[in-house]
Amino acid sequence: MQLGAKKKCINPSCGIEYSIDNDIYRCSCGFLLDVKYDEKPDKNLIETFYQRRNYMGNIFNESGVWRYRELLNFVGIDTEDINQCSKFLVSLDGSEGRSSRPYQMSKVADYVDMQSENFYLQPEGYNPSGSFKDNGMAAAVTHAKFLSVKKIVCASTGNTSASAAMYASNEGFKCDVYIPHGEIAPGKLGQAFQFGAQVIEVEGNFDDALSMSLSNATRDGGYTVNSINPFRIEGQKTIIFRIMEHLNWNSPDWIVYPGGALGNISSCGKALMELYEWGWIKKIPRVLVVNARGADTFYQLVNGLFDNCKLRWNNGKIDTHLIDRFYQHQELDQILPKTLATAIQIGKPANIAKALRTIDFTNGIVEAVEDIDMLDGMSVVGLNGFDCEMASGSVPAGIRKLRQNEIIKKDEIVVGVLTGRQKDPSLAINYHLNKSNMFAKPPRDQLR
């Protein structure tokens with residue numbers, strides 16, 4: 001086995017490289033790292049990926065992550081050797097990403113005023129823990145296993161805790177989960193407990209929980225699996241691979257994600273940059289990131305709503321002072337992230353630099369929507385027979401907003417990613433109890 005990967009600083013003016021036989025996730029210059037590969041993959045692999053859909057009992061072909069293992073072979077195994085796959089690759093019996101692909105949803109298409117045949121949503125709630133996190137966690141825990149670590153650590157408002165605890169339990173690792181007190185969806189907290197995680201409650205919000213988890217992981221020898229970990233990003237790239245495969249490797253015009261910690265946006269951008277560099281796609285889709293209005297750091301900074309200055313990638317020369325001033329302003333005015341969509345209730349997105357790179361590469365847009373818009377979006381997805389969490393409701397809500405402003409054209413091809421399924425049933429119940437809501441269907445008393 002020969003390692004075919006390294007970690008590299010994303011700052012073009014730095015570019016320091018690190019081996020992968022450690023858990024360093026941030027460069028000495030302060031920027032995050034990418035996983036980079038020595039060889040350009042052969043485009044003929046597209047046929048291999050297609051053939052693997054008939055997985056013939058091979059769980060690594062069945063997996064929607066490891067089906068594409070040549071594109072994230074950071075441990076350098078012989079990808080056709082089932083024994084090496086079984087020894088090194090972490091999978092929950094091939095279930096991560098197995099059932100996620102783009103679906104046409106006619107009622108949502110009507111809601112956003114799109115042509116149904118051009119409009120797709122990809123539900124990642126089919127993953128075993130109920131969210132997209134399993135894509136990245138399979139890869140991150142593979143790297144943890146490669147390093148022979150004993151414990152993985154994360155901060156979470158819900159989805160990450162469930163996924164990390166699930167994979168840790170399956171691999172026999174200990175798992176510490178740091179959660180902001182009272183700010184985690186109960187369904188996800190229940191999963192973390194059931195999977196055997198040690199839950200640590202932190203006074204404050206997600207940003208406080210992340211800071212404490214990183215500090216304690218360094219002190220206690222834990223391996224961090226939040227999205228600042230570049231191997232998490234590698235696994236999440238496969239969301240894009242499945243979209244492209246479904247569209248016969250022809251790029252859509254738009255790809256749309258909710259925006260929280262911005263790990264998904266980072267993985268989307270890395271996947272698109274690699275596919276374009278390899279010559280696998282000819283067109284770069286535009287990426288739309290949708291923030292919740294109550295947690296819209298990225299929206300405000302990118303669109304110049306703070307200090308009249310627009311934050312840009314600028315080839316890695318990011319105005320970090322602008323970010324610092326924004327955070328100081330938030331703290332002085334005691335402005336905390338607040339939205340019912342707890343999955344994206346994040347005030348200090350850890351992947352902001354990589355997300356800026358994505359917006360720059362794709363000529364992307366960052367938008368923000370209100371909680372009621374996300375609830376409407378969540379509910380209309382339900383009318384098509386699919387379940388999604390409130391944060392995922394930001395996707396149809398954001399597309400609708402850009403359609404109303406004619407930024408997205410009616411005949412363009414749009415793929416939105418629904419990041420997870422419902423984790424707080426009270427949100428849906430309360431929505432439908434209020435008959436003034438757009439898609440509400442309140443209960444009816446039985447006449448006697």
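The values are calculated or read from the model by the stated rules, or taken from the named source; none is laboratory data. Just so it is clear, the structure is predicted and the values come from calculations on it, not from any experiment. Quick reminder, even Gly has a Cβ in these numbers, built from the backbone with ideal geometry, and neighbours come from all protein chains shown. Protein only, heavy atoms only, side chains kept; ligands, DNA and RNA dropped before computing areas. Shrake-Rupley method; radii C 1.70, N 1.55, O 1.52, S 1.80 Å.
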Whose amide H sits under 5 Å from the amide H of GLN122, counting only residues 5 or more places off or on another chain, with H placed in the peptide plane?
TYR103, GLY416, VAL417, LEU418
Neighbour net charge for LEU214 - beta-carbon separation under 12 angstrom, K R +1, D E -1:
-3
Net lengthening on full extension, GLU47/ASN405 (0.36 nm per residue, minus Cα-Cα)
124.9 nm
Hz values of 3J(HN,Hα) by residue in the stretch 327-336 - Karplus curve (6.51, -1.76, 1.60), Gly and Pro given as x
5, 5, 4, 4, 5, 5, 8, 6, 8, 9
Report the antiparallel proportion of the DSSP beta bridges in the chain as a percent, rounded to a multiple of 5.
25
GNM result for the chain, Cα springs below 10 Å: residue of ILE335, ILE20, ILE413 fluctuating most strongly
ILE335
Quick one: Cα centre-to-centre distance for the stretch 233-283 and the stretch 115-181, in angstrom?
19
What shape does the chain have by the C-alpha gyration tensor, where a ≥ b ≥ c are the square roots of the eigenvalues, rounded means a/c under 1.5, and otherwise prolate means a/b greater than b/c and oblate the rest?
rounded
Mind telling me which of GLY259, GLY97, GLY172 comes out most flexible in a GNM of the chain, alpha-carbon contacts under 10 Å?
GLY172
Summed side-chain charge close to GLY259 - residues other than GLY259 whose Cβ falls under 11 Å, Lys, Arg +1, Asp, Glu -1
-2
If I compute solvent accessible area with a 1.4 Å probe over the protein chains, what percent of it on the stretch 80-207 is carbon and sulfur?
44
What does the accessible area per residue of the stretch 1-104 come to in Å², with a 1.4 Å probe and no ligands, DNA or RNA counted?
50
Below 8 Å, C-alpha to C-alpha, sequence gap of six or more: please give me the relative contact order for the stretch 157-235 in percent.
29
Determine how large the accessible area of ASP424 is when every protein chain is in place; take a 1.4 Å probe and give Å² rounded to the nearest 10.
40
Which ³J(HN,Hα) values, rounded to whole Hz and listed in residue order, are derived for the stretch 64-75 from phi using the Karplus coefficients 6.51, -1.76 and 1.60 in 6.51 cos²θ - 1.76 cosθ + 1.60 with θ = phi - 60°, glycine and proline given as x?
x, 9, 7, 4, 9, 4, 5, 8, 9, 8, 6, 8
Give me the percent of accessible area attributable to carbon and sulfur for the stretch 347-402, probe 1.4 angstrom.
49
Helix-only mean residue ellipticity at 222 nm for the chain, each DSSP H run of n ≥ 4 adding -39500 (n - 2.57), per residue, nearest 500:
-11000 deg cm²/dmol
Computed over the stretch 291-416: relative contact order in percent, which uses C-alpha pairs under 8 Å that are six or more apart:
27
Within the stretch 124-202, list the trypsin sites (Lys or Arg not before Pro) lying in a DSSP loop whose Cβ has at most 14 other Cβ atoms in a 10 Å radius.
LYS150
Considering only DSSP states other than H, G, I, E and B, which trypsin sites (Lys or Arg not before Pro) in the stretch 221-311 qualify as loop sites with at most 14 other Cβ atoms within 10 Å?
LYS282, LYS283, LYS310
In whole Å, what is the distance between the alpha-carbon centres of the stretch 374-408 and the stretch 417-438?
12
Using the Karplus curve 6.51 cos²θ - 1.76 cosθ + 1.60 with θ = phi - 60°, what ³J(HN,Hα) values do you get for each residue of the stretch 232-249, in whole Hz, with x for Gly and Pro?
4, 5, 4, x, 6, 4, 5, 4, 5, 4, 5, 4, 5, 4, 5, 9, 6, 6
Using a 1.4 Å probe on the protein heavy atoms only, what accessible surface does THR48 show? Give it in Å² to the nearest 10.
40
Which loop-located GluC sites (Glu not before Pro) does the stretch 182-273 contain, where loop means any DSSP state but H, G, I, E or B and the Cβ has at most 11 other Cβ atoms within 10 Å?
GLU203
For the stretch 122-240, report the accessible area per residue in Å² (1.4 Å probe, heavy atoms, rounded to an integer).
30
Please list, or write none, the lysines whose alpha carbon is within less than 28 Å of the alpha carbon of LYS338, excluding same-chain residues fewer than 8 places away.
LYS133, LYS188, LYS310, LYS348, LYS354, LYS401, LYS423, LYS435, LYS441
Over the stretch 262-390, with the other protein chains present, what is the accessible area per residue in square angstrom, probe 1.4 angstrom?
39
Ignoring ligands, DNA and RNA, how do ASP34, ASP324 rank by accessible area with a 1.4 Å probe, largest first?
ASP324, ASP34
Cα gyration tensor shape for the stretch 114-230, rounded if a/c is under 1.5, else prolate or oblate:
prolate
